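K.L.:
First the structure, then my questions, so here it is.
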Amino acid sequence: MKIAVLGPKNTYCDVALDKYLKEHNIKSVEKVFYPTIIKTALACDDETLAILPFENTLDGFVMEALDKIIQRNLTIIDQVKLSIDFAFVTNASNIKNVKNIYCQFKAFGQCLEFILEHDFNVIKTDSNVESADLLDKADENFGAIIPIHVLEKRNYKTVISHVADSMKNETRFFIVTSEKRMIGLRGMLNASLVVFSKEDRPGLLYDILSKFHDYNINLNSILSRPSKVDLGKYNFYMEASLSINEVSCLNELVRELRTKGFDIENLGVYNALD
């Protein structure tokens, strides 16, 4: 089995996959690393799964991952949660000498208070490991924000640990496939759906949400995303929580909305996080 991973090796995405494989006692896996979230999602096909960062405690949803899941109609089959911790590092002897820093674009949103406090010029990267690699080639006026675990194999003159806006910082990652299937469902579940906008009228959103109430399915989140076809038209991403006994109710909800003219897709039913 192949799994596409946001690389290079030792990114949080890679660490999250290792955690997932260990928890599920999966050993025969070939990791294939890709430099961006978009390329990781595009690599998902009949022979390759993908793991995508999806939501962070501090910075919210990862829009690149969400949009690609929707655009490619990928199926979410499972999820894993990982604690996130960042450090500021530099080869300068004093942080006051640092004017520019490398920072992954989602890490930026999670460490914003520290960045603004020091008035850094931020050079955004596609991965946290890339930030560390670029710093290794830079002069002493540069710094980087990198994961704590990356420090294990690197040495810097100045290290400031725990620079995220909150110590309660977690990211969840989705395991996705190009096939429509579910795996090992048990107990409490989550389900992701998307409604594609065909019209704009009063009560449109109410007509959708009321069906979750009618079927007694708890809606955890709803997010509008640009259709990327027409200006001012939006698709609605929704995530619900339900028990394994309520999957049939969810399927009936989807069928009913379709009979009423809604273009709705079930993006996956998967085990809820503990």
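Read-outs throughout are calculated quantities, based only on the coordinates presented, and are distinct from any laboratory measurement. Values in this document were obtained by computation on a predicted structure and should not be read as measured data. All Cβ positions, glycine included, derive from the backbone under ideal geometry; neighbour counts span all protein chains shown.
K.L.:
Taking θ = phi - 60°, what integer Hz values does the Karplus form 6.51 cos²θ - 1.76 cosθ + 1.60 yield along the stretch 218-229, in sequence order, with x for Gly and Pro?
P.N.:
6, 8, 7, 8, 9, 9, 8, 10, x, 5, 6, 10
K.L.:
Next up: Is any residue of the stretch 1-22 close enough, with backbone N under 15 Å, to a label point placed 7 angstrom from the Cα of Glu30 along the Cα-Cβ axis, and if so, which?
P.N.:
What the label zone holds, given the 15 Å backbone N cut-off, is 1-5.
K.L.:
Given the options His24, His118, His149, state which has the largest fluctuation in a GNM of the chain using a 10 Å cut-off (strictly under) for Cα springs.
P.N.:
His24
K.L.:
For the peptides 204-215, 167-178, what is the packing order when you average, over each peptide's residues, the other Cβ atoms within 10 Å and list the highest mean first?
P.N.:
167-178, 204-215
K.L.:
Relative to the longest principal axis of the C-alpha atoms of the chain, give the angle of the C-alpha long axis of helix 204-214, reported between 0 and 90° and rounded to the nearest 10°.
P.N.:
So the helix axis and the longest Cα principal axis differ by about 80 degrees.
K.L.:
Treat the count of other C-beta atoms within 10 Å as a stand-in for reagent exposure and order Glu252, Glu239 from fewest to most.
P.N.:
Fewest to most other Cβ atoms nearby, the residues stand as Glu252, Glu239.
K.L.:
Using only the alpha carbons of the chain, determine the length spanned along each of the three principal axes and report them from longest to shortest in whole angstroms.
P.N.:
For the chain, the Cα extents along the three principal axes come out at 66, 46, 30 Å.
K.L.:
Figure the gain on full extension for Thr48 and Glu23 (residue separation times 0.36 nm, minus the Cα-Cα span) and round it to one decimal in nm.
P.N.:
Length difference between fully extended and current span is 7.0 nm.
K.L.:
Using Cα centres only, tell me the gap between the stretch 208-226 and the stretch 64-97 in whole Å.
P.N.:
For the stretch 208-226 versus the stretch 64-97, the Cα centre distance is 27 Å.
K.L.:
Under 5 Å between amide hydrogens, which residues at least 5 positions from Ser227 or on another chain qualify, with H placed 1.01 Å from N in the peptide plane?
P.N.:
Lys233, Tyr234, Asn235
K.L.:
Follow-up. Assuming 0.36 nm per residue, please report the length gained on full extension of the stretch Asn121 to Glu179 beyond their Cα-Cα distance.
P.N.:
16.6 nm
K.L.:
Using the number of other C-beta atoms within 10 angstrom as an exposure proxy, rank Phe54, Phe88 with the fewest first.
P.N.:
Final ranking by Cβ density, sparse to dense: Phe54, Phe88.
K.L.:
From the backbone phi of the stretch 242-250, what are the Karplus-calculated ³J(HN,Hα) couplings (6.51 cos²θ - 1.76 cosθ + 1.60, θ = phi - 60°) in whole Hz, Gly and Pro given as x?
P.N.:
Going residue by residue, I get 7, 8, 5, 6, 9, 4, 5, 5, 4 Hz, with x marking Gly and Pro.
K.L.:
Step through the residues of the stretch 161-177 one at a time and calculate ³J(HN,Hα) from phi using the Karplus curve (6.51 cos²θ - 1.76 cosθ + 1.60, θ = phi - 60°), rounding each to whole Hz and writing x for Gly and Pro.
P.N.:
7, 6, 9, 5, 5, 8, 6, 8, 10, 9, 10, 10, 10, 9, 9, 10, 9
K.L.:
Where does each of Cys13, Cys249 land when they are ranked from fewest to most other beta-carbon atoms within 10 angstrom?
P.N.:
By the 10 Å Cβ count, ascending, the order reads Cys249, Cys13.
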